[in-house]
1. With only Lys, Arg, Asp and Glu charged, each at its Cβ (+1 for the first two, -1 for the last two), find how big the charge dipole of segment 25-165 is about the Cα centre; round to the nearest 20 debye.
2. How many angstrom lie between the Cα centre of segment 422-486 and the Cα centre of segment 231-280?
3. Need one word for segment 239-375: rounded, prolate or oblate. Basis is the Cα gyration tensor (sqrt eigenvalues a ≥ b ≥ c); a/c below 1.5 gives rounded, then a/b vs b/c decides.
4. Which trypsin sites (Lys or Arg not before Pro) in segment 1-53 sit in a loop by DSSP (not H, G, I, E or B) and have at most 11 other Cβ atoms within 10 Å of their own Cβ?
5. Let me know the volume per residue of the alpha-carbon convex hull for segment 231-309, in Å³.
6. Counting pairs of alpha carbon atoms under 8 Å apart in space and at least six apart in sequence, what relative contact order in percent does segment 362-517 give?
7. Can you compute the charge dipole magnitude of the chain about its Cα centre, using +1 on each Lys and Arg Cβ and -1 on each Asp and Glu Cβ, nothing else charged? Give it in debye, rounded to the nearest 20.
8. Find the centroid of the Cα atoms in segment 148-201 and in segment 113-139, then give the distance between the two in whole Å.
Amino acid sequence: MNVSQLLDFFENINLNEYDGKIVAKAIEEIVSRLRCIQDVGLGYLTLNRTSNTLSGGESQRINLVTALGSSLVGSLYILDEPSIGLHPRDTERLIAVLKRLRDIGNTVVVVEHDEEIMKAADLLIDIGPKAGINGGEIVFKGRIGDEADEEAMSRSLTLQYLGGQRTRYMRKKRDWTYSIKVEGAMEHNLKDINVKFPLGVLTVVTGVSGSGKSSLVGDILYPAVYRELNHTGSAPGTYRGLSGNIDRITQIEYVDQNPIGKSSRSNAVTYLKIYDEIRKLLSDQQYAKINGYTPSHFSFNMDGGRCPECQGEGFVKIGMQFMADVSMVCESCGGKRFKPEILEVKYKGMNVDDILNMSVEEAIAFFSSQSEPAAVRIAERLQPLVDVGLSYIKLGQSSSTLSGGESQRIKLAYFLSMTDAGTRSKPQRILFIFDEPTTGLHFYDVEKLLKSFDALLSKGHTIVVVEHNLDVIRAADGVIDLGPEAGDGGGSLVFAGTPEALRNCEGSHTAKYLRED
């Protein structure tokens, strides 16, 4: 049973007086906790659903239910983006749960970008004005609707978007001719639906949480098209057929939020292959040539130049017998990752550690101001990271410290940095699938994301996005809305067409919020 069915069962259970007295307290507790799960929008989860199949947002909301069920008071709850994966309809329910936590005597602090949660807050603390070295200051503290002074309004991007002084980005819409059609999709709760995915444009798949979006896109569309193109891969979910213009795409890429590298030594510049250029630039310096240092001496992954103690990680793990392992800065290199003689090699006064500790923004300013073509090329190849809103991350920042949203945008930057489709003998036409790319993004960053999508579309690619963000839905060329509800009440195709036409769809929860926005 799913949670909604079980709640209905226990609320309407019919017992005689003797049995009723025995189980009254147990049923009261069961109903109370099931109702909490329902209230946070997870009524569609079945009881045998394993925790490792839950999304980050679902796990966080289950933890919220645990907190509510324990009836603690005088506690401080800190939630990091609880709206992840939530449709605006479900965000309303989440706000009600957070207010209930507050009203029974707790303090709730939420790190969040969602407009509705910001508006519902008793106090908004806006940190900025921008990211990285250009951030770190409190630019506004108060309630939405409070009179903000002129300086706060000029510096707070959040207030500018919420107050309408800064308009949301509206991209130029594209028309489409070709498409791929999934016929008879029946995986999980999908009810034998036929869905057409346009090619060469931006399509958003939306619907309330649990309506079947991931089942359609992640379990059927991606593996089915991948198999069709590569004649290998994992088996897709249950569906009858795939038709349409599959010959109009050359490959398919699923851009998820998994880490960009398996090793803690991996980072943004190694993933984008920019570090190869930096290593070559350093090995070309006079001091390196005299000492016979090659690009491999500046690698974290090869012996020669890296610190032998920490193997180029900058820290060492100390195994604790009865507790979690402890990471400590490597005493041998002081966290610099390389041998002292390698750190003696400098380019314009900067050694490899100095360069890896620069933010993307600082590195672009540094390399673009040099005259050597190699340095200018490094600056140009770093630009896609700025385009996807990651100007603040450090070049050597370990991939294990990046959030899921940051990892996903580094993957997007990689595709933006790829050779232009037109320069190849056979133009590449890639179908990109993004799973909630606005996770962790401010309005300002969503604008950058949409511009990045436009850059991919201009090269002849196709983008399908699973998303709840109203700005992205409004900017799409086409919308596929699933639902109308979650779990057994979902899995139907509610609407397929333009965002403008969706506003007039009566049976869609998404349409309601588009009209209000």
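1. Details: 15 positive and 21 negative charges, 139 e Å.
In debye, rounded to 20, segment 25-165 gives about 660.
2. 16
3. oblate
4. Listed in order of number, the matching sites amount to none.
5. It is 178 Å³ per residue.
6. RCO, segment 362-517: 15 percent.
7. Values: 57 positive and 68 negative charges, 292 e Å.
Taking the Cα centre of the chain as origin, the dipole is about 1400 debye.
8. 22
Readers should treat all values here as calculations from the given coordinates under stated rules, not as data from a laboratory. All of these numbers come straight from a predicted model, not from anything done at the bench. All Cβ positions, glycine included, derive from the backbone under ideal geometry; neighbour counts span all protein chains shown.
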